[in-house]
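The values are calculated or read from the model by the stated rules, or taken from the named source; none is laboratory data. Please read these numbers as outputs of a predicted model, since none were measured by experiment. Virtual Cβ from ideal backbone geometry, glycine too; neighbours counted across all protein chains shown. Surface accessibility is based on the protein's heavy atoms, side chains included, excluding ligands, DNA and RNA. Shrake-Rupley method; radii C 1.70, N 1.55, O 1.52, S 1.80 Å.
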Amino acid sequence: MKLVIIDPGSGNLASVLRAFQKVAAEAGITADISVTRDPADILASDRVVLPGQGAFAACRRGLDALPGAVAAIEQRVRGDGVPFLGICVGMQLMASRGLEHGTTPGLDWLPGEVALMDPKDAAGQPLPLPQMGWNGLNFRPGCHKLLEGVTPGDQVYFVHSYAFSAARAEDVIASTDYGEPVTAAIARHNLAGLQFHVEKSGPVGLRILANFLKWVP
């Protein structure tokens, strides 16, 4: 298996790389796992991962700045159907558009937009942004292979102020509560995305990454 982690220039990807290497070794999966900015690597991959940190617009600019990368991702993921995982802003880029620092087109793979959250507590007072820290997952057990072995309520690590508002409710496979329901995970066909930092989410995150390595859409 060849898995590529695309580097759009928005943060240190070493923790994502180490997490995938760890779960592959523990699962006995022989895998060539690498961080790349080269479209040739993307076209030769069996699985594609797109992490992202910071602002939607900056991550999109970083991706567009890699000559041939977007076309290679479209070919391998949308054309050939290899499994894709977006992490944090990498998940948000799957939307039609992002509204952070103006309106920026997304990859438009799953219809919806990424907008500023407006969370409030039970008394109607604003909650701080970003949502930063551990929060529980809400989902229907058995809804998706990515969440196999995960229990509703299990905690994962979030850092974000903007959230994916999906046009199709069925694309949302898990949510979390932060003054309001917030999209935590999305999936359709060979596409999947996680709003939380799965690589920083302890054993639960590692289980999800292992599920992605084994996932056959």
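A few comments on the model shown:
- Selection within the range 119-135 - part of a strand (DSSP E or B) and either under 21 Å from the mean Cα position of the chain (by Cα) or at positive phi (or both): 131, 132, 133, 134, 135
- Residues located in the range 42-67, provided they are open to solvent by 40 Å² or more (accessible area, probe 1.4 Å) and either over 22 Å from residue 32 (Cα atoms) or at pLDDT below 95 (or both): 53, 54, 58, 61, 64, 65, 67
- Residue within the range 77-84 that is closer than 27 Å to residue 210 by Cβ and part of a strand (DSSP E or B) present: yes
- Cross-chain or 6+ apart pairs with Cβ under 8 Å, the range 193-207 first and assigned to a helix (DSSP H, G or I), then of a type in the set (Lys, Arg): 199/18; 206/22
- Meets criteria (surrounded by fewer than 20 Cβ atoms within 10 Å (Cβ to Cβ), under 17 Å from the mean Cα position of the chain (by Cα) and under 22 Å from residue 38 (Cα atoms)) for residue 74: yes
- Screening the range 80-101 for residues that are crowded, with 20+ Cβ neighbours inside 10 Å and small (Gly, Ala, Ser) and picking the one that is farthest from the chain's Cα centre (by Cα) gives 98.
- For beta carbons closer than 6 Å, sequence separation of 6+ or different chains, a first residue in the range 18-34 that is open to solvent by 30 Å² or more (accessible area, probe 1.4 Å) and a second that is of a type outside the set (Val, Ile, Thr) and assigned to a helix (DSSP H, G or I), the qualifying pairs are 27/210; 29/213; 31/24.
- Scanning the range 18-37 for residues that are in a helix (DSSP H, G or I) and out of contact with any helix residue (DSSP H, G or I) (no Cβ under 9 Å at 6 or more places or on another chain) yields a count of 2.
- The residues on offer are 33, 29, and the sole one that is among the hydrophobic types (A, V, I, L, M, F, W, C) and at pLDDT below 95 is 29.
- Scan of the range 153-184 for residues that are hydrophobic (A, V, I, L, M, F, W, C) and more than 18 Å from residue 96 (Cβ to Cβ), ordered by number: 156, 158, 159, 173, 174, 182, 184
- Every residue from the range 102-118 that is surrounded by fewer than 17 Cβ atoms within 10 Å (Cβ to Cβ) and assigned to a loop (DSSP other than H, G, I, E, B): 102, 103, 108, 111, 118
- Leading residue by the ranking (surrounded by the most Cβ atoms within 10 Å (Cβ to Cβ)) among those in the range 146-192 that are without any contact (Cβ under 8 Å) to a residue 24 or more places away in the chain and in a helix (DSSP H, G or I): 170
- Residue list for the range 38-67, filter: under 22 Å from residue 114 (Cα atoms), part of a helix (DSSP H, G or I) and among the small types (Gly, Ala, Ser): 57, 58, 62
- Some residue of the range 132-142 being open to solvent by 50 Å² or more (accessible area, probe 1.4 Å) and farther than 30 Å from residue 217 by Cα: yes
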